[in-house]
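Here's the structure we're looking at; comments come further down.
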Amino acid sequence: MKTKQCVALEGVNGVRIEILERSDTALVIRWVEPGRCHYGEQRWRRRSAHTSGTCAVTRRKIRRGDAVFKPAERPAPLNASVMIAAEVFGNLGGE
């Protein structure tokens, strides 16, 4: 996994997201959702969306089959249904 300077993103509903590490297929994220959950180092994997939804960062629609990142932890975390569109990370700049 490529280590990168920590990148902070603003999520919907006050969620704070920090990208601690990233590669083309995986992320390590610090996820802070006030009043609900806090994950200091949560692993996310790139996959195709199984259902339609909304990107947690851009609020854009995600369609079934779109490339997304989702939590990969077991047992399923409280934010297991959340998706971030993979295109968000293409817009963050060089590695």
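Each reported figure results from applying straightforward, stated rules to the coordinates on display, with no laboratory input. Nothing here was measured: the structure is a model prediction, and the numbers come from that model. All Cβ positions, glycine included, derive from the backbone under ideal geometry; neighbour counts span all protein chains shown.
Ranking of Lys61, Lys70 by neighbouring Cβ atoms within 10 Å, starting from the fewest: Lys61, Lys70. Among beta bridges from DSSP that stay inside the chain, the antiparallel ones total about 95%. Neighbour counting of Cβ atoms within 10 Å sorts the residues Glu41, Glu18, fewest neighbours leading, into Glu41, Glu18.
Dipole magnitude for the chain: about 320 debye, using +1 per Lys or Arg Cβ and -1 per Asp or Glu Cβ, origin at the Cα centre.
Residues Ile84, Ile19, ranked from the fewest to the most other C-beta atoms within 10 Å, line up as Ile19, Ile84.
Across Arg63, Arg36, Arg47, mean-square fluctuation computed from a Gaussian network of the chain (C-alpha pairs under 10 Å connected) peaks at Arg36.
Only one of the values [x] 16, 55, 28, 1; [y] 16, 50, 31, 4; [z] 11, 19, 20, 21, 22, 6, 1 was calculated from this structure for P(r) over Cα pairs in 10 Å bins from 0, in percent; name its label. Label [x] holds the value from this structure.
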